[in-house]
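Report on one structure; see the data block that follows.
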Amino acid sequence: MPGSHGSLTKAGKVKMQTPKIGRTGVNSKSKKPPRMRYRELYKLRFQKGVYAGQPNSIGAKRNKYKS
């Protein structure tokens, strides 16, 4: 394969010149790893019986029938 596409001395030039912008809005907090998220969901749903969302959501209705 003849030659290369651009020199390696220019690699990453644009990324290094781009200013870093902080997170805003929904993504402002860093998210927990899935294992920790699922553990918290388990505690809320099965141990405490609390379901997120509307009071008439599917999970809340199921929990209402169980108790």
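The values are calculated or read from the model by the stated rules, or taken from the named source; none is laboratory data. Remember, it's a predicted structure, so these values are computed and weren't measured experimentally. All Cβ positions, glycine included, derive from the backbone under ideal geometry; neighbour counts span all protein chains shown.
Go through region 39-66 and give me each residue that's part of a loop (DSSP other than H, G, I, E, B) and over 22 Å from the mean Cα position of the chain (by Cα). Spell out how you get there, then give the answer.
Of all residues in region 39-66, those part of a loop (DSSP other than H, G, I, E, B) come to 49-57.
Hits for region 39-66 are Gly49, Pro55, Asn56, Ser57.
Of all residues in region 42-67, how many are modelled with pLDDT of 85 or more and surrounded by fewer than 12 Cβ atoms within 10 Å (Cβ to Cβ)?
Count: 5.
Tell me, please, whether a residue that is at pLDDT below 95, under 30 Å from Asn63 (Cβ atoms) and among the hydrophobic types (A, V, I, L, M, F, W, C) can be found in region 2-13. Spell out the reasoning first.
Restricting attention to region 2-13, the residues satisfying the condition of being at pLDDT below 95 are 2-13.
Add one more test, that the residue is under 30 Å from Asn63 (Cβ atoms), and what stays is none.
Within region 2-13, none of the residues are at pLDDT below 95, under 30 Å from Asn63 (Cβ atoms) and among the hydrophobic types (A, V, I, L, M, F, W, C).
State which residue pairs qualify: first residue over 22 Å from Lys61 (Cα atoms) and inside region 28-47, second residue part of a helix (DSSP H, G or I) in any location, beta carbons under 8 Å apart, and separation of 6 or more residues or different chains.
Sorted first by the residue in region 28-47, then by its partner, the pairs are Lys31/Arg37; Lys32/Glu40.
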